[in-house]
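Working notes, structure below.
Laboratory data are not the source of any read-out in this text; all were calculated from the coordinates shown. Keep in mind the model is a prediction, meaning the values are calculated, not measured. Reconstructed Cβ throughout: ideal geometry from the backbone, glycine too, with neighbour counts over all protein chains shown.
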Amino acid sequence: MDVTRNGIARRRYLRLFGALCLVALSACTTAPPITRRPPNALDKYLTAAEQGDAEAQFNLAVCFAKGDGMPQDAVEAVKWFRRAAEQGDANAQLILGVCFFMGTGVKQNKAEAVKWYRRAATQGHAEAQCALGFSFEKGEGRQVVPQGR
């Protein structure tokens, strides 16, 4: 493949992956803002999240990611996305993977991103399957074995 075709393929990949990341992060915008929720919604999310409720953990993470009802805090958002993801929430797994891929709220780690994409993908999450496919296509997150070994 010549350099020009390679460059076109790379640009296409980056555009598609960028669109995928926007789709994944758009899950953060599907919940109504705190301002349209009951005044104590944030307290209820926090209480339920601390008690292990995965949906509340996801919603709280979204609030931190968006700065909805509190200062925006990517690190705190990742903490709550991880807790929901560890309980099997496929949306949280995908978004956590995107955070690792992009280095948002955590140190960039493409192998960790692929791990979370795979967990969501095995649950049938279409966007996670797409992210996993893009990652495999580009060799992202896989350990490269040197030739001749």
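Would you kindly state how much longer the chain becomes between Gln51 and Ala111 on full extension, computed as 0.36 nm times their sequence separation minus their alpha carbon distance, in nm to one decimal? Present the calculation step by step, with values, prior to reporting the outcome.
Numbers: separation 60, 0.36 × 60 = 21.60 nm, distance 2.99 nm.
Length gained between Gln51 and Ala111: 18.6 nm.
Can you tell me the order of 72-79, 91-98 when each peptide is scored by its average per-residue count of other Cβ atoms within 10 angstrom, highest first? Intermediate values should be presented prior to the final figure.
Values: 72-79: 16.5, 91-98: 28.5.
Highest-to-lowest ranking by the protection proxy: 91-98, 72-79.
Counting other Cβ atoms within 10 Å, which chymotrypsin sites (Phe, Trp or Tyr not before Pro) in the stretch 82-145 have at most 16 and lie in a DSSP loop? Mind showing how you got there, number by number?
Numbers: sites: Phe100, Phe101, Trp116, Tyr117, Phe134, Phe136; in loops: none.
Taking the stretch 82-145 and a limit of 16 other Cβ atoms within 10 Å, no loop chymotrypsin sites (Phe, Trp or Tyr not before Pro) are found.
Under 19 Å from the Cα of Lys138, which lysines turn up, not counting those fewer than eight places away in the same chain?
Hits, sequence-local ones excluded: Lys110, Lys115.
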